[in-house]
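A.B. asks: Sharing a structure with you now.
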Amino acid sequence: EIKFLLNLEQYNNLITEIDKYMNPDNFCVDGKEYGVYNIYYDTPDDFLIRESLEKPYYKEKIRLRSYFSPAGEDDIVFLEIKKKIGGIVTKRRVTMTLSEADDYLKSRKKPSTGKYITKQVFSELDAFLKNYKVTPKQYISYQRRAFFGKDNHDFRLTFDRLITERRDNLSLAAPSYGTQIIGANERLMEVKVSD
């Protein structure tokens, strides 16, 4: 994953060429965007973000993600564990309702599942949460356009705008609001490729 901050001219010039090489995500056909709403977790002393900024060989984090804002108790959310090992990023996630996610994060009560991979990801989450006593620390949301390579579906390009952060009222059940962290005429481009 590599990030670039683009001005509006750079973004517009790239968008006019992108269809030669990439297809839009299913949610981004005809120039549409979708919202991404996240709660990031960290220790009381912010160990995970401080460690991440040191650019270690291995790092990990968890976040709770929704594609709705505000999310209701029965809306689907994704609890994700993201690891970076020597520059290679892996992300695994479990799907549950917001109410189930709240229960799991507070008491480790898991929703019932028969899926092996879901049980495996919960095992990884359990280990993470045993090692790090985390609490909600940061809300970040954005509007995203996403594309996939025509010749390589693993090649992904995303453009985010209206990147919003806050450090209070840290619940996906709350509406999206906070401080904008890039300008209205800027886009954060992220290149994601596996090889």
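A.B. asks: Once you wrap a convex hull around the alpha carbon atoms of region 1-63, what is its projected area averaged over all directions, in nm²?
C.D. replies: 6.7
A.B. asks: Right, something else. Straight-line reach from K192: which aspartates and glutamates have Cα under 16 Å away, leaving out those fewer than 8 places along the same chain?
C.D. replies: E1, D25, D151, D154, D160
A.B. asks: With all protein chains present, how much of the accessible area of the chain (probe radius 1.4 Å) comes from carbon and sulfur, to the nearest whole percent? Please list the in-between numbers first.
C.D. replies: Details: 5960 of 11460 Å².
Of the solvent-accessible surface of the chain, carbon and sulfur hold 52 percent.
A.B. asks: Now a separate question. Convert each backbone phi in region 184-195 into a coupling constant with the Karplus relation 6.51 cos²θ - 1.76 cosθ + 1.60 (shift: θ = phi - 60°), then list the ³J(HN,Hα) values in order as whole Hz, x for Gly and Pro.
C.D. replies: For region 184-195, the Karplus curve yields 4, 9, 10, 9, 8, 9, 10, 9, 10, 8, 8, 10 Hz.
A.B. asks: Next up: Cross-link partners among aspartates and glutamates for K59, C-alpha distance below 12 Å, same-chain residues fewer than 8 apart left out?
C.D. replies: Straight-line reach from K59, under 12 Å: E51.
A.B. asks: Longest exposed-loop-site-free stretch of the chain, with GluC sites (Glu not before Pro), DSSP loop and at most 14 other Cβ within 10 Å?
C.D. replies: Working: sites that count: E1, E54, E73.
Answer - 74-195.
A.B. asks: Below 8 Å, C-alpha to C-alpha, sequence gap of six or more: please give me the relative contact order for region 55-195 in percent.
C.D. replies: 19 percent.
A.B. asks: Next question, about the same structure. Give me the base-10 log of I(q)/I(0) for region 114-195 at each q in 0.12, 0.20 Å⁻¹, Debye formula, one uniform scatterer per Cα, rounded to two decimals.
C.D. replies: These q points yield log10 I(q)/I(0) values of -0.62, -1.02.
A.B. asks: Using a probe radius of 1.4 Å on heavy atoms only, what accessible surface per residue do you get for region 53-127? Whole Å² is fine. All intermediate terms of the calculation are to be shown ahead of the outcome.
C.D. replies: Working: 4480 Å² over 75 residues.
That works out to 60 Å² per residue.
A.B. asks: Turning to a different aspect of this structure: Could you tell me which residue out of Y34, L105, V193 lies farthest along the dipole of the chain toward its positive end? Charges go on the beta carbon: Lys and Arg +1, Asp and Glu -1, centred on the Cα centre.
C.D. replies: L105
A.B. asks: Now for a different question. Structure shown: which of K82/K137; K3/K82; K20/K82 lie over 22 Å apart, alpha-carbon to alpha-carbon?
C.D. replies: Cα-Cα > 22 Å for K20/K82; rest within.
A.B. asks: Suppose the chain between R108 and I181 were pulled fully straight at 0.36 nm per residue; how much longer would it get relative to their current alpha carbon spacing?
C.D. replies: That pair, R108 and I181, stretches by 23.0 nm at full extension.
A.B. asks: Which whole-number value in Å³ per residue fits the convex hull of the alpha carbons of region 1-115?
C.D. replies: Value for region 1-115: 179 Å³ per residue.
A.B. asks: Tell me the angle of helix 8-18 to the major Cα principal axis of the chain, expressed in degrees between 0 and 90 and rounded to the nearest ten.
C.D. replies: With both axes taken from Cα atoms, the answer is about 80 degrees.
A.B. asks: Starting from the exponent 0.38 and prefactor 2.2 Å, build the expected Rg for the chain from its residue count and divide its actual Cα Rg by it.
C.D. replies: The value comes to 1.07.
A.B. asks: On to the next question. Ordered by residue, what ³J(HN,Hα) values in Hz, to whole numbers, does region 137-154 give under the Karplus form 6.51 cos²θ - 1.76 cosθ + 1.60, where θ = phi - 60° and Gly and Pro are x?
C.D. replies: 10, 8, 9, 9, 9, 6, 9, 10, 10, 10, 9, 10, x, 5, 8, 9, 5, 6
A.B. asks: Go through region 65-130 and name the trypsin sites (Lys or Arg not before Pro) that are in a DSSP coil and have 14 or fewer other Cβ atoms within 10 Å of their Cβ.
C.D. replies: Values: sites: R65, K82, K83, K84, K91, R92, R93, K106, R108, K109, K115, K119, K130; in loops: R108, K109, K115.
Sparse-neighbourhood loop trypsin sites (Lys or Arg not before Pro): R108, K109, K115.
A.B. asks: Under 5 Å between amide hydrogens, which residues at least 5 positions from V77 or on another chain qualify, with H placed 1.01 Å from N in the peptide plane?
C.D. replies: Counting only residues 5 or more places away or on other chains, the set is M96, T97, L98.
A.B. asks: Per residue of the chain, what 222 nm ellipticity follows from adding -39500 (n - 2.57) for every DSSP H run with n ≥ 4, rounded to the nearest 500?
C.D. replies: Result for the chain, helices only: -7000 deg cm²/dmol.
The values are calculated or read from the model by the stated rules, or taken from the named source; none is laboratory data. As the structure is a computational prediction, the values presented were derived from the model and not from experiment. Positions of Cβ are backbone-derived with ideal geometry, glycine not excepted, and every protein chain shown enters the neighbour counts. Each accessible area value is taken on the protein alone, full model and side chains, heavy atoms only, with ligands, DNA and RNA left out. Shrake-Rupley method; radii C 1.70, N 1.55, O 1.52, S 1.80 Å.
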